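Following: one structure in structure tokens, then a few remarks.
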Amino acid sequence: MQYIKFLQHITKNSVAEAGGKGSSLGEMTHAGLQVPPGFVVLANAFDRFLMETELDAEIEAVLKKIKPKDVNSVDKSSAEIREMMHETKIPRDLQDEIKDSFKNLKTKFVAVRSSATAEDSRVASWAGELETYLNVTEKNLITSVMKCWSSLFTPRAIFYRFEKKLHRKTVSVAVVVQEMVQSEISGIAFTVHPVTKDYNQMVIEAGFGLGEAIVSGQVTPDTYIVHKDDFSVLDISVSEQSMMITRSAGGNVHKKLSPKAGGKQKLTGRQIVELAKLCKKIEQHYHHPQDIEWAWAKGKFHITQSRPITTL
């Protein structure tokens, strides 16, 4: 297949074609870490889409008119570019390739995530700038891939592009399509304490439901501090969670939690230690402190993302 690669065929050297997120997931799959199966719609698919439809020239023209200090100018240009893209059809053979790969996963729901090719180099981390769609089915798969492509031109991503002086560089985007983990508990782990910069401590944040609630700041997670040498749990701070995001028949829903249910400790001591060991393994593999997204479902941990910590 020309425009798609499954994660097992991708490594950390694949950033140019699979983006930062895709290459990291491929690398961890290779290393035998617990990564949900998936594939990447490579950056060359996006490039071909823009070229074949001549959208590249139209987008270039809009970007040239932007006054980066004028918020209205950025918002207007973003809306214009995204609308142009959403109104343009993806070439039929490309659609077929994406749908066939989806069928290969033999799953009903997937997570669809943008993975920019300029992403996650330690200087320019696009984390949080591009979009992710959860619980996507075959029916809205192509639309979700399109939305990930066009999220390269959200107002935030355009600002970021100017701020990092990337607006004159060609930035492309790949899209990761991965089996959806219906997480009972999920969160983030930093293999170095992000506040104190203590290299001997790891910080784990955990919440009930899908990780989206934590990443987007809608809930305050539990925080656990673990010593990296002997995995002793140094501190446990339990937060009361008022709601969680979960899947229902009609899509993702915000489910209210009672103070009793939401006030429980999210991970047990044993789970904290198991996750800390897994995160340390990832850090050792990369030889660099990592910012890791994880999910717990059906009795095991899954790693859904790992990127270098850029603030140390």
Dimensionless Rg ratio for the stretch 185-308, taking C-alpha atoms and the 2.2 N^0.38 Å reference: 1.04
Additional length obtainable on full extension of the chain from residue 60 to residue 236, 0.36 nm per residue less Cα span: 58.3 nm
Overall dimensions of the chain by Cα: Rg and Dmax, Å: 19.7, 57
Spin-label pair residue 163/residue 52, simplified geometry with 7 Å Cα→Cβ offset, distance in nm: 3.5
Separation of the residue 200 and residue 274 label points, Cα + 7 Å toward Cβ, nm: 2.8
Value of [θ]222 nm, deg cm²/dmol, for the chain, DSSP H segments ≥ 4, -39500 (n - 2.57) each, nearest 500: -11000 deg cm²/dmol
Per-residue HN-Hα couplings for the stretch 185-199 [Karplus 6.51, -1.76, 1.60; θ = phi - 60°; Hz; x = Gly/Pro]: 9, 8, x, 10, 9, 10, 7, 10, 4, x, 8, 7, 6, 6, 6
Mean Cβ neighbour count within 10 Å, used as a protection proxy, ranking 132-140, 95-103, 41-49, 198-206 highest first: 41-49, 198-206, 132-140, 95-103
Gained length - residue 298 relative to residue 11, 0.36 nm times residue gap less alpha-carbon distance: 100.6 nm
Selection of GluC sites (Glu not before Pro), the stretch 20-76, meeting DSSP coil and at most 15 other Cβ within 10 Å: 54
Helix 269-286 vs. the chain, principal-axis angle (Cα, 0 to 90°, nearest 10): 50
5 angstrom amide H check on residue 234, placed H, neighbours 5+ away: 225, 226, 227
Whole-Hz couplings from phi, Karplus 6.51/-1.76/1.60, listed for the stretch 291-301; x for Gly and Pro: 10, 10, 9, 9, 9, 10, 8, 6, x, 8, 8
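Going by how many other beta carbons lie within 10 Å of each one, how would you line up 24, 306, fewest first? Don't jump to the answer; show the numbers that get you there.
On the way: 24 30, 306 25.
Least to most surrounded, the residues fall as 306, 24.
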In sequence order, calculated HN-Hα J values of the stretch 37-53 (Karplus, 6.51, -1.76, 1.60; Hz; x Gly/Pro): x, x, 9, 10, 7, 5, 4, 5, 5, 5, 4, 5, 4, 5, 6, 4, 9
Potential lengthening between residue 156 and residue 265 on full extension [0.36 nm per residue; Cα-Cα distance subtracted]: 35.8 nm
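Readers should treat all values here as calculations from the given coordinates under stated rules, not as data from a laboratory. Worth saying up front: this structure is predicted, and the values here are computed from it rather than measured. Please note: Cβ atoms are built from the backbone with ideal geometry, for glycine as well, and neighbour counts cover all protein chains shown.
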